Structures are given as C-alpha cells and as structure tokens.
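The values are calculated or read from the model by the stated rules, or taken from the named source; none is laboratory data. Everything numeric in this text was worked out from a predicted model, so none of it was measured. Reconstructed Cβ throughout: ideal geometry from the backbone, glycine too, with neighbour counts over all protein chains shown. Only protein heavy atoms, including side chains, enter the accessible area calculation; ligands, DNA and RNA are left aside. Shrake-Rupley method; radii C 1.70, N 1.55, O 1.52, S 1.80 Å.
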Amino acid sequence: MVEETPWQQALRYANRANPYPFYEELRKTPVERQPDGTYVVSTYREIVTLLHDPRVSSDPRKCPVPAAAQGDSSAVPVAEPIREVLTEPNIIICDPPEHDRDRRMMMPHFVGPPHAPRLISDLEPEIRRIVDGLLDDMRGKSRIDAVDDFAYPLPVTVICKVLGVPLEDEPRFHHWVETALDALDFGPEAASEEIRSRQAGGRQAVQEFGQFAADLLDRYADQPGPGMLSAMVNENGPEGRMSKGVLASNALLLIFAGHETTVNLIAHSVLTLLRHPDALEKLRSRPELIVPGVEELLRFESSVQFWHTRSALEDIDIAGTTIPKGAPIFLVYGSANRDPQRFTDPDRLDLERRDNEHLGFSQGIHFCFGAPLARLEVQAAVGEFVRRVQNPRLVEDPPPYRHNQIFRGPRHVLVDIDGISD
C-alpha cells in the first residue's frame, strides 16, 4: 500500500475534527506536489504571495484535469465538480477583467454607495433582535444544539432579508446545500462507493438550486422587490447588466456563501470557547474583547479550510518549487492561520492577539465579499451567547463533523445549560 501524504491524511473524514497535526507536517514542505498533480501550498507567506500573483487563475475553466488523474478512477479531477454544475462563472471563480467588472457591479448593492451606504450597519438592530429571540426560545431547555438552535437560524434569516429570498424557501435550499456539500470530496475516500453514490445527488441538488435562483431573478425582473437580487437584475448602470446566466451563478453563490461559512464560524466559536473556559470567562467579564476575539476565532478555526479552483497560468517558482503552467493549486488557509512563522504560539487561543492578519476571509481580489456582514453577525451571536447562556458544558467532544472538507464545521454541538439569563 502506498503511504498517504500528510495532505491526504488531513482530508480523511476521521481527521476532520483535528486536521492540525497533518497541517504541521504539510508546512515542512511549503509547496508540495500531490500524486494527482495538484500543488498544495500550506504556509502563510507563500499563500499570501500567490493570492496577489496575477499568474494564478481562479477560473476552473482554465484548470485542466491533472494528468495523473486522467483515466484513474481513484483520483479526483480537481475542478470537475465546479465544471459540471456551473455553466457560468461567479465572482469567486473568474479572473480580471471579468471578475473586477462583476464585483464592481455587485458591491454597491451590498456594502457601499450610492445605493446602500449603510445597509450592513443598519442591520445590527435586526441581527440583535434575531439573536435575542433565538436565545429566548432556549428558555426551559437543559440541552441545546448550538448549530441547529443558534448558529444556523441567524445567518440564514439575515441573508434571506439582505438578498430578498423568501424565508419560506429556506428548507428547500437548505436541503440542496447540504446535499451538494456532502457530495464534494477531495481526499482518498472520494473513490468509495458511498461518496460516488452522493455525487449524482449533489449535481442534481446544485442544478435545482441554480434553477431556483434563476426563477427568483425572473420573478424580480417582472416585478421588482426588496433586496439585493432584485437590485442586481434591474441594474441599469454605466456597465450595463450581467447576463442571465452570470446573474444566476452569482445569486446562487450569494445565497450559499451568505450563510454557510457564518454557520460554521458561530458553531466553531461556541465550541472553541467551551474548550477554553479561561477565554470564555475573560470574554464574559470583558465584553469589549468580542471584536478582537472574533478575529482570533476566525484565525483559530477557519470556516474555509482551503480553496480548490486556482491554477498556474504560467510556471511559478516559489519556496524552491516550480509550479508548472496549468497545474491546479490548493491554498490551505487553515494551515496558514496556524503557521508559527507568522503567528506566535499559533495553537494557543488569545482573544487579545495583536497583528492578527489571518486568512479567514482570504486576501487579494477575492477577499470575502460578505466579511462585514459575517463579522457583525458573529460578534452579536457569540457575545450574547457568552453573556446569557448559564454554565454551558459540552456534551460531546469532539462533536460530529460534516463531511465536506472545504467548509469544515461541526454538524451538531450539543451543550448542557443551566438556563438563559435576561
């Protein structure tokens, strides 16, 4: 049997709860070629360098199937899941100038002038109202699920409001998202019958989700309504309007990314604080630490562990290795955020950490579109959880994790509590 690389071991489901020992091994070779022809980059400095390198493409249409994977049923073609389900690009899987134009057209409707200069900050009272309501609903319970009862309902409610997605449609797209994510696998288990059986269902789920987004956009084209999607489909700015396919692809991205990573971040934040009672007590006694604290929680447990659609447009020499033109590149944010060459004592949770320029939201032109909203949601949710939940104790550690490796997060976080304060 061929010995697995540290990267292959990190991708195994058995190691989902704690991939960090394998990341430590990975960092001994900052840029390492994998058996399928992928180049895995695991150190902070090298990842930041590539995030700002115009020779690195984010467009899976420019990423060939690795030569080592061709004709090999045990190897996963890196970009195939993306190619198969998205016929049009969105802003995280395209390059300039296409990326710059589309992002420029979207941003005013989300975080800036002239259309919505205070859209995000004005959401704070509503976010806090939702958080308070979720905590109030826990009254009388002695055990809660920090995922189902708390981490999921908040961001999905908020993103539906921001985008103009009817909240009653949430159960439908929740199913599609879960099914699609469970179908993606980039590790040695991808060739198993269990994973292969999920893939057809995953493709169908994304197709149905995409059709849902397209239908919603058509509805808003006929009759404009509230939210960002209606504003986008009725855009009449100087750069014109996105094509229907690109609009639908970006709408799908916004619905998905607008809640998925924030769910994981809230869940991991609760889990991490319960594992570190000293930090929990510090935050309870000094609530002003919630702002730097959330940045540290973003670093400590990255909601996006790596990204998988990048490739080299030409040969790139980095860290003593040449990434050849056309090679797929995986940037492992979860490893970079624990890199001791960048962060002092990186495996220690420090709510007052200084110089904390983590990669929890990536960097460069693909810096997370929704970062301001995510920060506001997590600060409100975690701050109030710490303040109001009395004597929270983990029931199971580690908790069960979801299957997907990119958007790593616990499926449930069961917590015993003594009550909910006012």
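Within region 106-121, is even one residue at pLDDT 85 or above and in contact with a helix residue (DSSP H, G or I) (Cβ under 7 Å, 6 or more places away or on another chain)? Looking through region 106-121, at least one residue is at pLDDT 85 or above and in contact with a helix residue (DSSP H, G or I) (Cβ under 7 Å, 6 or more places away or on another chain).
Screening I130 with (1) over 18 Å from F369 (Cβ atoms); (2) modelled with pLDDT under 95; (3) assigned to a helix (DSSP H, G or I) gives one miss only, at (2). Report, by residue number, each residue of region 336-359 that is within 15 Å of the chain's Cα centre (by Cα) and open to solvent by less than 10 Å² (accessible area, probe 1.4 Å). The answer is N337, L359. Filtered by the rule that a residue be small (G, A, S) and open to solvent by less than 10 Å² (accessible area, probe 1.4 Å), region 306-326 gives S311, A312. Among residues of region 235-254 that are at pLDDT 85 or above and in a helix (DSSP H, G or I), those with a Cβ under 9 angstrom from a residue that is β-branched (V, I, T) and open to solvent by 30 Å² or more (accessible area, probe 1.4 Å), sequence gap 6+ or separate chain, pair up as G245/T87; S249/T87; L253/I92.
Across region 7-20, the qualifying residues are those that are open to solvent by 60 Å² or more (accessible area, probe 1.4 Å) and not hydrophobic (A, V, I, L, M, F, W, C), and the one among them that is nearest to L50 (Cα to Cα) is Q9.
Number of residues in region 289-330 that are in a loop (DSSP other than H, G, I, E, B) and closer than 20 Å to R348 by Cα equals 5.
Within region 173-204, restricting attention to residues that are charged (D, E, K, R), touching a helix residue (DSSP H, G or I) at 6+ places or on another chain (Cβ under 7 Å) and modelled with pLDDT of 80 or more, the residue that is farthest from Q8 (Cα to Cα) is R203. Close contacts from region 403-421, counting a first residue that is assigned to a loop (DSSP other than H, G, I, E, B) and a second that is among the small types (G, A, S), with Cβ to Cβ under 6 Å and a gap of 6+ residues or different chains, come to G409/A267; V413/A146; V413/A267.
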